[in-house]
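Everything below concerns the one structure shown next.
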There are 4 protein chains.
Amino acid sequence: MRQAFVHRLGASAPDDVAPLAAAIADRRLLPAAIVAVLGKTEGNGCVNDFSRGLATAALRRLLEQHLPADMVAEIPLVMSGGTEGGLAPHWLVLEARPAAGGVGPALAVGRARTPRLEPWEIGRREQIEAVAEAVRTAMAQAEIAESSDVHYVQVKCPLLTAERIARAQDAGHAVATLDTLKSMGLSRGAAALGVACALGELPRQRIWEAAVGGDLALWSSVASCSAGIELEDNEVVVLGMSHAWTGPLRIDHAVMADGFDVEPVRGTLGRLGFAPNGQLHPDEHQRLAAVLAKAEPSRSGRLRGCRHTMLDDSDVGATRHARALVGGVLGGLVGHGELFVSGGAEHQGPDGGGPVALIAAA
Amino acid sequence: MRQAFVHRLGASAPDDVAPLAAAIADRRLLPAAIVAVLGKTEGNGCVNDFSRGLATAALRRLLEQHLPADMVAEIPLVMSGGTEGGLAPHWLVLEARPAAGGVGPALAVGRARTPRLEPWEIGRREQIEAVAEAVRTAMAQAEIAESSDVHYVQVKCPLLTAERIARAQDAGHAVATLDTLKSMGLSRGAAALGVACALGELPRQRIWEAAVGGDLALWSSVASCSAGIELEDNEVVVLGMSHAWTGPLRIDHAVMADGFDVEPVRGTLGRLGFAPNGQLHPDEHQRLAAVLAKAEPSRSGRLRGCRHTMLDDSDVGATRHARALVGGVLGGLVGHGELFVSGGAEHQGPDGGGPVALIAAA
Amino acid sequence: MRQAFVHRLGASAPDDVAPLAAAIADRRLLPAAIVAVLGKTEGNGCVNDFSRGLATAALRRLLEQHLPADMVAEIPLVMSGGTEGGLAPHWLVLEARPAAGGVGPALAVGRARTPRLEPWEIGRREQIEAVAEAVRTAMAQAEIAESSDVHYVQVKCPLLTAERIARAQDAGHAVATLDTLKSMGLSRGAAALGVACALGELPRQRIWEAAVGGDLALWSSVASCSAGIELEDNEVVVLGMSHAWTGPLRIDHAVMADGFDVEPVRGTLGRLGFAPNGQLHPDEHQRLAAVLAKAEPSRSGRLRGCRHTMLDDSDVGATRHARALVGGVLGGLVGHGELFVSGGAEHQGPDGGGPVALIAAA
Amino acid sequence: MRQAFVHRLGASAPDDVAPLAAAIADRRLLPAAIVAVLGKTEGNGCVNDFSRGLATAALRRLLEQHLPADMVAEIPLVMSGGTEGGLAPHWLVLEARPAAGGVGPALAVGRARTPRLEPWEIGRREQIEAVAEAVRTAMAQAEIAESSDVHYVQVKCPLLTAERIARAQDAGHAVATLDTLKSMGLSRGAAALGVACALGELPRQRIWEAAVGGDLALWSSVASCSAGIELEDNEVVVLGMSHAWTGPLRIDHAVMADGFDVEPVRGTLGRLGFAPNGQLHPDEHQRLAAVLAKAEPSRSGRLRGCRHTMLDDSDVGATRHARALVGGVLGGLVGHGELFVSGGAEHQGPDGGGPVALIAAA
């Protein structure tokens, strides 16, 4: 048996790894057991967000004091920029430790990575299939038996840069887009369709037929994808329930249909044993170990029949608006801002909405 | 007897007064009965927010087609910039019409204005006293008997410009600040203390003793103040309950202690007859005529014990973050984004929080 | 004979038309003689720039006090948002008055407009041809004989909105793009190709063959195009030299190859009789009546072999960076910031550069 | 004798130290000879600019591969955020190597640091005196005999944080300001006055009499100060001419009176042997080793008699506008964007202007 642990630690700056260092020093956190680290950092979450790189550099430097560099290199470090409104910068460290015994099911964590993609494969069928394969590998690694037991799949996926586009063109290949910012969305979308494919959320035929980024009616209810400049493969972390794991942690998920759609999340809280009528009591903040959500503005420009202005604001990026909104909606429910709300939800939940996963102790 | 009406009308652009024009054409809205117009417009809500001026110009042009210019000039046109996140641009038109009879109490609306202030009086005791006097006048005009029946006081107050500062200095007077942006906060703060003074929320002695902008422990629970460049006096609109008014509309208020503090608002919804456990049902959206709230980041840099980054963001103004946050929190409760959430809450509710008024049909 | 006048008037706010009102009151400016008004306003120059609408509303209100509304409606009011860095908000009022006699050649001004375009014609051959036709009409109206005598063509062109796209789709037509922001660039590009077509700057065949927005090697050296939401046709103002006009004003132009390419502008100053070695002497500021330039970041991400970051900045729009840059370069040359520097130069000069027209008294 | 070297190296990202690594590998750059590293990085240059920290982390990691950590800790790493408009991210590495012989004078470089300041000393006389002392030490270390031979003094100075303010208050001391952003300006201003004091640019009496940040008529013509969160002392780098140094490099400086004041810089280019009438020829780009300038908007809101809008823009920080402007003005003169233009020029040149130092090979 194995047991998963989730550490939620506040950060006073993007490179503030002191809370992790303290937890390691106290032996609350075992470096060798770390499966992945997720972080909310306080940059703009867009192209020129250097808070992510700063956080990653600090984290890697810390981990290399405790682990061989090649083991550190295997740990997905997924930094999501943007703590707009009430969101709080924080780290989520996922551990898997051997357990002497115990009963399941419980939270299970697995990871895998795809082969390195060529630039012309990004945002295309090749990426979808590679991610699907990695999701299946990570599920197996986590000993999650059924697709329906998967509640969250984090994918960190590559993007196109000017240099990669040039490399593709020199090799005689057309890329999915010449716009580097747009390539982030295409890569996230293909990764999400790969998740949907692996879990059987969508018929394979419909996935191939639909152009990626085109038919937003096709989506995964558990995928959460972030594009990053620092990798050329795809890193996949699967979270779900498994009988091979023990301990008090449980995971469940909901899908928000739009930015105000808090009721499905309230329902999930109820299934996890919280009294969900009003806001969570502060005593419950620790028991609810993590909230992981995707946010985006609806392309229609409307939300519950009213106009929103997120897509028309040339001063503040639309994903910044969307994170602030969903951070407010979910924070009003759970009562604090240490929420992993990430922007850019192509094929991750319906247009304008997104998946939300909750991890809590029984 | 009189009867108040509240029209909430969506806007497709800052100068989209077509919904008002249509309501006037249909005789749903009587220009001569308009007491005040509030508007959420989609600028940044900061110094260079030209959406407010554009909205005001369009509104004035429309009203001048139906009313003499001097009557139009008497109507407070309070434009609040900033529809971040899920907030929706909209107009709130407040009408007072004679009623043939009926029973009270019901929503009452009154207005008044202070004399023109000299630049050196802005943000100082003179402004506090002038606003207090205008609040009392507006209460009398609205026939609201008790201070405890007042649930919302909107003040539109002046600010200092370079030209006004120069005028003061030429006259040998020192102004409260040489920083024009800061003068907005000082003016809002003094106006809020004026409201608190008129309503007996704070002992007069403490108001004089405390430097304006200094002791944030002194605040009004019903004041909502906006500074604007276009006036040199203060416009006051008082909303409350009065036995001299009839009709179905009721008003009540809550105070949010911080940006996530949704429970007091839920309580107010309950007092107004809504089932408040989860999100309001869409059928209730019309019955809840208006939501009026103030938002600001806490100066401590912390929210519910976690760090927020609203005050450290040099790309996006702190008031923009705060409006997005409170718009999400309140929108998660009421289910839509036509909320009059305004930023800059000095002495309007506690630090990091703010008053929220709700108007609903019985 | 006719004589052109150019009035350059500073503005203290987007709606500050007081300098125009004063000039009209002094009879320095004759409303009936106004051919066009250009304005630099202080918004972001992007989608949600409400300073343009505010300026236009104030300007129209002023002109309607002096002219019939239908005459006002005929005057192109071209507001260009964005006064980044050292740029100063100002108005440029172009007048054409009858002259009792005199000799030419001198600055000539003509205007024309295209028929209303259908949404599916925007950014397409239909727009190119319509603009080309209007340029020829405006040239004829201005009595400019040769294409080589044309030094500046301002086009105000339409863009696609969600509503217009829906209208096109309902009528069974595909539009050039579903992205409203992108439609601004396509419309500007088609308009610029229309100018190039009319003036014979490019072989017609190459224009048709090249997809609009595609081959940036095709460009006009005198076109300056701005897209606006407020019109569905194209307004064209042509400035050039004509023997049918008299007076001291002359116009000439240069093409900047990139954002730092100031030498061609220095050369033009020399041809206009200025001593161009260093910065213009302040005594010459009035004699140089107007500087009209286009600015954009190069798509290569490089400028003179060094990396620029204008296209990677998700906080500040690339056109804002480009205007600030060119405003600095040209302001360093002419010594002040009342420069009509406008962003978005698709097919207007080479990639990363743009046309610059100078008007000066002999 | 010693000889100074200046390496100007472009960066493809804030953490791109590959050009330095290559120069070290080629033995063009000797780690042990490095006196200081200056870098322009592409963040916003304001509070939440994480590009500076990312650059510093990467630089430190590289240097620690070649030098003991305590030697690395002694090297001032001065990152200046903000490459607006045409500015290019780049590194300036300053080396001092022993020279076998040769003749002077030539560029000389010295460095020193102040003791650690208590929070309540920041922005106050204690900081002025400490910086003055360090400037004298650095001059002595660089063997620069006369104050008039000093042409550039870079100071990296501390700022107040919430934590430091609390520490001061616990110790019973009042700090210069409670506003952390404002403390950056006060610290820069005090450091600049320290430079002026050490070099005898201002009478000591006037420095003490004038409140720091108050009388902007008091300024240094060679100081360039940047506040950083990562230090509590002040790091000082002095550049000047000395007979104890040899080699081809020369340094000279100018003071821009305002953002468009390019002529004094043109004059300095002439003194350094360049033909300054037009833009520098590309062949000269290497010979002009470095351009170091400060930029700021004038507090009057006017530039050459015209209004600027840099201080009224709530979307883009005023220092960002100012850097873009001065980058354009200087880039128009020298023909490229690898210019170390830094914002925030309190007491560094006159209000709205700033010092500019040029280093060139003879």
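The values are calculated or read from the model by the stated rules, or taken from the named source; none is laboratory data. On a predicted model such as this, the values are computed, not experimentally measured, just so you know. Because the Cβ atoms are built from the backbone with ideal geometry, glycine has one as well, and the counts that use them run over all protein chains shown. These area figures cover heavy atoms from the full protein model, side chains too; ligands, DNA and RNA do not enter into them. Shrake-Rupley method; radii C 1.70, N 1.55, O 1.52, S 1.80 Å.
Just one of A:ALA217, A:ALA171, A:ALA142, A:ALA130 is at pLDDT below 90 and small (Gly, Ala, Ser); which is it?
Of A:ALA217, A:ALA171, A:ALA142, A:ALA130, the one residue that is at pLDDT below 90 and small (Gly, Ala, Ser) is A:ALA217.
I'd like to verify a number: residues in segment C:268-291 that are outside any helix (DSSP H, G or I), in contact with a Leu (Cβ under 8 Å, 6 or more places away or on another chain) and at pLDDT 95 or above, how many?
8
Within segment A:205-214, can one find any residue that is within 20 Å of the chain's Cα centre (by Cα) and among the charged types (D, E, K, R)?
no
Go over the candidates C:THR56, C:THR83 one by one and state the one that is touching an Asp or Glu at 6+ places or on another chain (Cβ under 9 Å) and in a helix (DSSP H, G or I).
Matching residue, one of C:THR56, C:THR83: C:THR56.
Run A:GLY123 past the list (1) modelled with pLDDT of 95 or more; (2) under 27 Å from A:ARG320 (Cα atoms); (3) in a loop (DSSP other than H, G, I, E, B) and report the number of the one that doesn't hold.
(1)
Examine segment D:57-69 for a residue that is buried (at least 24 other Cβ atoms within 10 Å of the Cβ) and in contact with a Leu (Cβ under 7 Å, 6 or more places away or on another chain), and state whether such a residue exists.
For segment D:57-69, residues buried (at least 24 other Cβ atoms within 10 Å of the Cβ) and in contact with a Leu (Cβ under 7 Å, 6 or more places away or on another chain): absent.
I'd like to check which strands (runs of 3 or more DSSP E) are fully inside segment B:209-266 and have at least 3 residues that are open to solvent by 30 Å² or more (accessible area, probe 1.4 Å).
So the answer is B:249-256.
Among the residues of segment D:277-295, count how many are without any contact (Cβ under 8 Å) to a residue 24 or more places away in the chain and within 11 Å of chain C (Cβ to nearest Cβ).
Of the residues in segment D:277-295, 2 are without any contact (Cβ under 8 Å) to a residue 24 or more places away in the chain and within 11 Å of chain C (Cβ to nearest Cβ).
When you go through (1) crowded, with 24+ Cβ neighbours inside 10 Å; (2) in contact with a strand residue (DSSP E or B) (Cβ under 9 Å, 6 or more places away or on another chain); (3) within 11 Å of chain D (Cβ to nearest Cβ) one by one for C:VAL316, which number turns out not to apply?
That leaves (2) as the condition not met.
Collect the residues in segment B:234-260 that are more than 15 Å from B:LEU292 (Cα to Cα) and within 14 Å of chain A (Cβ to nearest Cβ), keeping them in residue-number order.
B:ALA257, B:ASP258, B:PHE260
Is it the case that D:ALA145 is touching a residue at least 40 places away in the same chain (Cβ under 8 Å) and open to solvent by 70 Å² or more (accessible area, probe 1.4 Å)?
yes
Just a yes or no: is a residue in segment A:147-158 in a helix (DSSP H, G or I) and over 16 Å from A:TRP219 (Cβ atoms)?
Within segment A:147-158, one or more residues are in a helix (DSSP H, G or I) and over 16 Å from A:TRP219 (Cβ atoms).
Please identify the pairs in which a residue from segment C:313-333 that is not assigned by TED's automatic domain parsing to the domain that holds C:PRO355 has its Cβ atom under 6 Å from the Cβ atom of a residue that is surrounded by fewer than 24 Cβ atoms within 10 Å (Cβ to Cβ) and modelled with pLDDT under 95, counting only partners at least 6 apart or on another chain.
No pair meets every condition.
Just for segment C:158-172: of the residues that are closer than 30 Å to C:GLY39 by Cα and in contact with a helix residue (DSSP H, G or I) (Cβ under 7 Å, 6 or more places away or on another chain), which one is most open to solvent (accessible area, probe 1.4 Å)?
C:ALA162
Among the residues of segment D:35-47, are any on the phi > 0 side of the Ramachandran plot and away from chain B (no Cβ under 14 Å)?
No: zero hits.
Determine, yes or no, whether D:GLY270 is more than 14 Å from every other protein chain (Cβ to nearest Cβ) and over 30 Å from D:GLY53 (Cβ atoms).
No.
Return yes or no: is A:CYS197 buried (at least 22 other Cβ atoms within 10 Å of the Cβ) and more than 16 Å from the chain's Cα centre (by Cα)?
So A:CYS197 fits the description; yes.
Using the structure shown, decide if B:GLY327 is surrounded by 24 or more Cβ atoms within 10 Å (Cβ to Cβ) and either at the interface with chain A (Cβ under 10 Å from one of its Cβ atoms) or at pLDDT below 95 (or both).
So B:GLY327 passes the test.
Listed residues B:VAL316, B:VAL341; which is within 16 Å of A:VAL329 (Cα to Cα) and β-branched (Val, Ile, Thr)?
Within the list B:VAL316, B:VAL341, the selection yields B:VAL341.
Answer yes or no: is there a residue in segment B:26-49 that is within 30 Å of B:GLY327 (Cα to Cα), open to solvent by 10 Å² or more (accessible area, probe 1.4 Å) and among the hydroxyl-bearing types (Ser, Thr, Tyr).
no
Considering every residue within segment C:1-15, establish whether at least one is open to solvent by 10 Å² or more (accessible area, probe 1.4 Å) and part of a helix (DSSP H, G or I).
Looking through segment C:1-15, none of the residues is open to solvent by 10 Å² or more (accessible area, probe 1.4 Å) and part of a helix (DSSP H, G or I).
Taking A:ALA96, is it in contact with a strand residue (DSSP E or B) (Cβ under 7 Å, 6 or more places away or on another chain), modelled with pLDDT of 95 or more and open to solvent by 20 Å² or more (accessible area, probe 1.4 Å)?
Criteria met by A:ALA96.
For residues that are more than 20 Å from B:VAL222 (Cα to Cα) and outside any loop (DSSP other than H, G, I, E, B), tally how many sit in segment B:310-324.
Here the count works out to 7.
Output the residues belonging to segment A:81-97 that are more than 14 Å from chain B (Cβ to nearest Cβ) and touching a Lys or Arg at 6+ places or on another chain (Cβ under 6 Å).
The one that is more than 14 Å from chain B (Cβ to nearest Cβ) and touching a Lys or Arg at 6+ places or on another chain (Cβ under 6 Å): A:ALA96.
Being more than 14 Å from chain B (Cβ to nearest Cβ), open to solvent by less than 30 Å² (accessible area, probe 1.4 Å) and part of a helix (DSSP H, G or I): is that true of D:ALA23 here?
yes
Being under 29 Å from C:LEU62 (Cα atoms) and at pLDDT below 95 is true for just one of C:LEU159, C:LEU107. Which residue is that?
C:LEU159
Hey, among C:VAL175, C:VAL103, C:VAL155, which residue is open to solvent by less than 10 Å² (accessible area, probe 1.4 Å) and more than 21 Å from C:HIS7 (Cβ to Cβ)?
C:VAL155
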